[in-house]
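Participant: Attaching a single structure in structure tokens format; questions to follow.
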Amino acid sequence: MARAAPAIRSLNAGEQSPLMDGRTDTNNYPASSRKMYNTVAAPQGPAIPRSGTEFINSVYKHNESSTIIPFIPTEDDFYMLEFANGRMRVFTEVGVLTYAPVAMTVTDDSPFKFDSATLGANIGDEVAFSLFPDTYNLNGVVGKIVGKVGTVYEMDISHPALPLLATAKVSRVYHIDSPYVLADLDALVDIPSLDVVYLVNGKKKTYKLKRNNTYDWAFEEVAWSDGPYMATNEEKTLLTPSATGKATPDMTADNLPSGYVASGSSFFTGQEYYKAFDDPDAKTYWQSNTDQTGTLQIELPSAIVADGYSLRMAINNSNSTFISKDYAPLNFTFEGSNNGSTWDILDRQNTYVVWDNNKSLFFRIPNVTAYKYYRIVIDSVQTNGAVKPCLRGLVIRSTASTSMTITASSTTGINNNAGFKSTDVGRFIRMKADDGSWRALKITAYTNSTTVTATLLGEPFPNLRGTDKWRLGLWSETTGYPATGVFFQDRLWLGGPSDWIAATVVGAYENMAPTDDDGAVQDTSGICVRLNARKLSKIRWMVGVKRGLAVGTGSQEFIAVASNNTSTTKNITPGNITVEDCSARGSSETQPAPVDSQVLYVQRGGRTMREFAYSYEADNYKSPSMSILASHLGVSPFTQLAYAAEPYSIVWVRRKDGGLVGLTYNRDENVIGWHRHGFQDEFVERIAVMPSSDQMQDVLWMIIRRTIDGQTRRYIEKLTRFWDFGMTLNDAHFVDCGLRYEGDPIDEVYGLQHLEGREVYGVADTVPVGPFTVNDGMITLNQAASNIVIGLGFDSEGETSCLENGAQDGTAQGKIKRFNAFAVKVWESYGGEIGTMNEDTGEVEYVPLAEHYKNQDTSLLETIELFTGILGPITPAPGYEKSGSVFYRRKKDVPLPFNIVSLLPRMVTQDGG
């Protein structure tokens, strides 16, 4: 029989799977646990009981689920957004956002009624109360208006203690209508950028939510200006426009067709004004009769709003001294007038030299005024000297001239040869005309499988010839919409539908144009590529990492990088992108949690968390399992991740069964520790993390579905601060769905309607109280107190792994053991219990520790004070066992901190069996 006094110095390896019970050879076995429930594995080593939750508010409708999304535009400005069925509410750290409060007077307490002449609310609105005496615990309470007579409002709550004619304040809860309904919420992904958050879910068009000021939030459908597009058509199908999109017809004389008059400063013999507006295939042109300068004007039958123009260069040049470009304008203005004498400059170009494809760029102008006259005024041309300006075309686009019909010669190549569909409305088309430039259009109406109506978005067509060089837009009701996204390298990247990746123009987050207006692909142009996958699989998530863009799909994980990655070309561009496969684990739809240089994601089946991290040895990204030591925790799939950096670096994980687990994750210190959490066996429906205002903790917010008084209730709750340095017993909050009262001493605690009929516990002036049963939203204490927290009680508990100590003959596993005594090193603690297993009864026998808390002079504490030091010696219940594990717990009736730094048992192990 060998004696041993092992030290369990750390518990930060967390709860491990029963499959690991025999692996005493692993490095983290001594710090592991067989159970860690409602207890956090602190990265430094201790086991810390999780704090309780604070009740914030009910969701918008108890019978419908909501989701919560953090909105964090700056490091000290943050909100939590609740998305309900067609509605969004805004929460600050202390509660729901409301308008300025107005005066009210109580007229009835059951049901609660009040009179307010200036509230201006309607039935169905929500209101919040303030400036009631603290004893009523009504301040911050939110209720719905269910009746209204004049200025008297009836609420959906009661408060039997309210005196009639009591005065206070009431304010309307701020909300806005949302485009998202219940079916949209599960897959909703947010992509934040300062005061704007882009929202995708794979089912709807992309929306953005913008905060203009405190009471001005708005949803807008993103108005993509161009792109993205699928691959260029490779079939023989032609797309033909019914109109060019220009505001003027092909003219045959300076005053024909009737109503149109071409004129100007002068023209060279045979090169009249109208020849800049005639059939472009004629290759005729207008030429000024003055060196370097000239004016070309068009009078229209009626005023139009011109929103863009371009110039076409004369190309039918027989001069042996000058080339065609020499005659093109260099400095010029585009102007509008309604009387032909007073002109407004709409656009000015100085030293303009880009004449690719024998034409200028298309100049978009921010004009909203209708003019009857337009003109181009040329101040100089490309070459100095006796050179007279020439123009083959002045092409003006009007907002009224952009609608046209697009006709396909067949359905081949369109929607898998099915042709156009009604679900293509809203989809982009990109067509390359015979002048070498691409035009973008947006489908506005469906006629049949070969005919749609579309709006021209850019430069008019040069003619009405069909083209087989065309691309269909990537996103539509036909093909689907983005399912995920991220900001990376000053682009908005969106993933989906299927295995497509699209990125915006650099710095222009609502433009995915693949080229400039002249058709040139720039480094800043939009990007649209398909993954080079072995099988077709949907993109699940995207995260920017140091070396590139990490992409998870249902079958593989990829990294998109710059093909030529040097110090000067490290950014991805349309011509400098390679997508490399990294692992073939496959990802679930759960959005990942980026942590430093790693990305934690959930494998396809939902039961394994993996770490996407760069390996210098492999010179590639790898995906080792973070769940291999605790695989049992994924028996119900992981459905949501939320990372809280402060104070313990925890990845919170919501499971499909409504459970919550946490992963203490500190790669620098090689800490990987899992822990389980429960909320009275009730269902966690959503999680999100938002910093606290003091930056001391990244706070876990949850929507928890509870059963209250026989009814289903959904509450928004947040985890209170973990026990930390500088806290006192008055800060203790180890109850769930709790509320705190601070004020004059009271013995009747109100405001607990959200826990009606439930058994509650709490702390009153540092003393544990309870249990109580909530009746009519209140409980009565045995003694008045001024600092009270009341809520649902919960136990925090754990069991260490089986100790491998004391054997002189091989392993200690499977041998009879007996614990003779314990010492427990604690930090700022009170209460708690230590236990051992009675293998005869199958029960854990606990020993309370309260009597071991002592002052420095070794006398027992007369009042509750927090203690830091070693408790013991503690004599356990007598008995023998084979497992040799140590149990600990903080019971719900003592909701105070019990922080275990180390466990110091004394034991004997019988080698003889």
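Participant: Need pairs with beta-carbon distance below 7 Å; first residue within 24 Å of Gly726 (Cβ to Cβ) and in the same structural domain as Val901 (by TED's automatic domain parsing) and within the stretch 848-876, second basic (Lys, Arg) and modelled with pLDDT of 90 or more; sequence gap 6+ or separate chains.
Facilitator: Matching pairs, first to second residue: Ile870/Lys825.
Participant: Follow-up. Check the stretch 201-211 and report whether any residue there is closer than 30 Å to Ala103 by Cα and either of a type in the set (A, V, I, L, M) or surrounded by fewer than 15 Cβ atoms within 10 Å (Cβ to Cβ) (or both).
Facilitator: Taking every residue of the stretch 201-211 in turn, none turns out to be closer than 30 Å to Ala103 by Cα and either of a type in the set (A, V, I, L, M) or surrounded by fewer than 15 Cβ atoms within 10 Å (Cβ to Cβ) (or both).
Participant: Let me spell it out: the conditions are (1) assigned to a strand (DSSP E or B); (2) among the β-branched types (Val, Ile, Thr); (3) over 16 Å from Tyr285 (Cα atoms), and Val353 meets all of them except one. Which number is the exception?
Facilitator: (1)
Participant: When you go through Ser310, Ser263, Ser302 one by one, which is the residue that is of a type in the set (Gly, Ala, Ser), in contact with a Ser or Thr (Cβ under 6 Å, 6 or more places away or on another chain) and not in a loop (DSSP other than H, G, I, E, B)?
Facilitator: None of the others qualify; the one that does is Ser310.
Participant: Return only the number of the condition from (1) surrounded by 16 or more Cβ atoms within 10 Å (Cβ to Cβ); (2) at pLDDT 95 or above; (3) closer than 26 Å to Gly245 by Cβ; (4) not hydroxyl-bearing (Ser, Thr, Tyr) that Asp344 does not satisfy.
Facilitator: Only one criterion in (1) surrounded by 16 or more Cβ atoms within 10 Å (Cβ to Cβ); (2) at pLDDT 95 or above; (3) closer than 26 Å to Gly245 by Cβ; (4) not hydroxyl-bearing (Ser, Thr, Tyr) is unmet by Asp344, namely (1).
Participant: Could you grab me the full set of residues in the stretch 773-801 that are touching a residue at least 60 places away in the same chain (Cβ under 8 Å), part of a loop (DSSP other than H, G, I, E, B), of a type outside the set (S, T, N, Q) and touching a helix residue (DSSP H, G or I) at 6+ places or on another chain (Cβ under 9 Å)?
Facilitator: Asp776, Gly777
Participant: Still on this structure, please answer the following. Among (1) among the β-branched types (Val, Ile, Thr); (2) within 23 Å of Gly458 (Cα to Cα); (3) touching a strand residue (DSSP E or B) at 6+ places or on another chain (Cβ under 7 Å); (4) not in a strand (DSSP E or B), where does Thr244 come up short?
Facilitator: In the conditions (1) among the β-branched types (Val, Ile, Thr); (2) within 23 Å of Gly458 (Cα to Cα); (3) touching a strand residue (DSSP E or B) at 6+ places or on another chain (Cβ under 7 Å); (4) not in a strand (DSSP E or B), Thr244 misses (3) alone.
Participant: Can you pull out every residue in the stretch 466-489 that is more than 30 Å from Leu185 (Cβ to Cβ) and of a type in the set (D, E, K, R)?
Facilitator: Asp468, Lys469, Arg471
Participant: May I ask you to list pairs of residues, at least six apart or on different chains, whose Cβ atoms are under 6 Å apart, with the first in the stretch 570-596 being farther than 21 Å from Ser625 by Cβ and touching a residue at least 24 places away in the same chain (Cβ under 8 Å) and the second being acidic (Asp, Glu) and part of a loop (DSSP other than H, G, I, E, B)?
Facilitator: Within 6 Å, the pairs are Thr573/Asp523.
Participant: Next up: Checking the structure you have, find out if any residue of the stretch 814-836 is surrounded by fewer than 16 Cβ atoms within 10 Å (Cβ to Cβ) and within 19 Å of Ser801 (Cβ to Cβ).
Facilitator: yes
Participant: While we're here: Going by the structure shown, is Trp493 buried (at least 24 other Cβ atoms within 10 Å of the Cβ), in contact with a Leu (Cβ under 8 Å, 6 or more places away or on another chain) and more than 17 Å from Ala187 (Cα to Cα)?
Facilitator: yes
Participant: Then there is this: Could you look through the stretch 822-840, keep only residues that are of a type in the set (Ser, Thr, Tyr) and in a strand (DSSP E or B), and pick out the one that is farthest from Thr728 (Cα to Cα)?
Facilitator: Thr836
Participant: Let me ask something else. For the stretch 583-594, name all the residues that are under 11 Å from Ser555 (Cα atoms) and not in a loop (DSSP other than H, G, I, E, B).
Facilitator: Ser583, Ser587
Participant: Does Val760 satisfy the condition of being without any contact (Cβ under 8 Å) to a residue 60 or more places away in the chain, farther than 30 Å from Pro73 by Cβ and crowded, with 22+ Cβ neighbours inside 10 Å?
Facilitator: Yes; evaluated as a whole, the condition is true for this residue.
Participant: Out of all the residues in the stretch 501-518, is one or more outside any strand (DSSP E or B) and touching a helix residue (DSSP H, G or I) at 6+ places or on another chain (Cβ under 7 Å)?
Facilitator: Taking the stretch 501-518 as the starting set, the residues that turn out to be outside any strand (DSSP E or B) are 504, 506-507, 509-518.
Imposing the further condition that a residue be touching a helix residue (DSSP H, G or I) at 6+ places or on another chain (Cβ under 7 Å) reduces the set to 518.
Yes, because at least one residue in the stretch 501-518 is outside any strand (DSSP E or B) and touching a helix residue (DSSP H, G or I) at 6+ places or on another chain (Cβ under 7 Å).
Participant: Is it fair to say Gly770 is on the phi > 0 side of the Ramachandran plot, assigned to a strand (DSSP E or B) and buried (at least 19 other Cβ atoms within 10 Å of the Cβ)?
Facilitator: Criteria met by Gly770.
Participant: Just to verify a result, which residue in the stretch 304-324, among those that are surrounded by fewer than 20 Cβ atoms within 10 Å (Cβ to Cβ) and in contact with a helix residue (DSSP H, G or I) (Cβ under 7 Å, 6 or more places away or on another chain), is farthest from Val377 (Cα to Cα)?
Facilitator: Ranking the candidates gives Asn317 first.
Participant: Take the residues of the stretch 101-114 that are at pLDDT below 95 and part of a loop (DSSP other than H, G, I, E, B): which is surrounded by the fewest Cβ atoms within 10 Å (Cβ to Cβ)?
Facilitator: If we take residues in the stretch 101-114 being at pLDDT below 95 and part of a loop (DSSP other than H, G, I, E, B), then Ser110 is surrounded by the fewest Cβ atoms within 10 Å (Cβ to Cβ).
Participant: Here is a follow-up. If I go through the stretch 54-88 residue by residue, how many of them are closer than 30 Å to Ile790 by Cβ, hydroxyl-bearing (Ser, Thr, Tyr) and out of contact with any helix residue (DSSP H, G or I) (no Cβ under 9 Å at 6 or more places or on another chain)?
Facilitator: The total comes to 2.
Participant: Is it true that some residue in the stretch 533-554 is outside any loop (DSSP other than H, G, I, E, B), more than 22 Å from the chain's Cα centre (by Cα) and surrounded by fewer than 19 Cβ atoms within 10 Å (Cβ to Cβ)?
Facilitator: There is no residue in the stretch 533-554 that is outside any loop (DSSP other than H, G, I, E, B), more than 22 Å from the chain's Cα centre (by Cα) and surrounded by fewer than 19 Cβ atoms within 10 Å (Cβ to Cβ).
Participant: Something else now. Restrict the check to the stretch 125-147 and report whether at least one residue is of a type in the set (S, T, N, Q), assigned to a loop (DSSP other than H, G, I, E, B) and more than 30 Å from Asn787 (Cβ to Cβ).
Facilitator: no
Participant: Still on this model: Just the residues that are surrounded by 21 or more Cβ atoms within 10 Å (Cβ to Cβ) and either touching a Ser or Thr at 6+ places or on another chain (Cβ under 6 Å) or not aromatic (Phe, Trp, Tyr) (or both), please, taken from the stretch 115-132.
Facilitator: Result: Leu119, Glu126, Val127, Ala128.
Participant: With the condition kept exactly as written, say whether any residue in the stretch 859-872 is modelled with pLDDT of 90 or more, touching a helix residue (DSSP H, G or I) at 6+ places or on another chain (Cβ under 6 Å) and under 20 Å from Pro46 (Cα atoms).
Facilitator: So far as the stretch 859-872 goes, yes, one or more of its residues are modelled with pLDDT of 90 or more, touching a helix residue (DSSP H, G or I) at 6+ places or on another chain (Cβ under 6 Å) and under 20 Å from Pro46 (Cα atoms).
The values are calculated or read from the model by the stated rules, or taken from the named source; none is laboratory data. Nothing here was measured: the structure is a model prediction, and the numbers come from that model. A quick note on method: Cβ atoms are made from the backbone with ideal geometry, for glycine too, and the neighbour counts reach across all protein chains shown.
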